[in-house]
Amino acid sequence: MLNRHTLNIFVTGSEPVSASDLVEKLHRKTVKNFMDILILGEMKRSVVSGYDVISIIHKRFGILLSSGTVYSTLYSLERRGLIRGTWNNRKRVYALTEKTEQNMDAVIKAKKEIHDFLSNIALLDSP
């Protein structure tokens, strides 16, 4: 459980932050930090547009990300050759490249290790 000292670590000003505010900020930060993996995971199911990504993240996590945040991640993934974008009528849709699709299996297999790692981060007051 987070104590008052732990909560104050996350505050930039002198006002203490509530536990619910802290959880919301941590959720938002975690989603942003893992957005590339979230996007690639969704693309394993089907092609997506930037709007689709915004909608999926909002539905799954209750977090509304800006289009700039999402599109900069999509462009970065495309520049790195992990996804490819094509125009479908007036919107750009993105899909995994064949190489990335094969590598996503490794990410899926590492799910337990990723979960354990994040769980260990959350155990702030454990030895």
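The values are calculated or read from the model by the stated rules, or taken from the named source; none is laboratory data. Everything quoted here is computed from the prediction, not taken from an experiment. Positions of Cβ are generated from backbone atoms using ideal geometry, with glycine treated the same way; all protein chains shown enter the neighbour counts.
The lone criterion from (1) farther than 19 Å from GLU24 by Cα; (2) of a type in the set (Ser, Thr, Tyr); (3) at pLDDT 85 or above left unmet by THR69 is number (1). Among residues of segment 58-85 being more than 29 Å from VAL23 (Cα to Cα) and touching a residue at least 24 places away in the same chain (Cβ under 8 Å), the one that is surrounded by the fewest Cβ atoms within 10 Å (Cβ to Cβ) is LEU82. Applying a threshold of 7 Å to beta carbon distances and a minimum spacing of six or more residues, or different chains, the list of pairs starting in segment 39-57 at a residue that is in contact (Cβ under 8 Å) with a residue 60 or more places away in the chain and ending at one that is assigned to a helix (DSSP H, G or I) and buried (at least 18 other Cβ atoms within 10 Å of the Cβ) reads LEU40/THR100.
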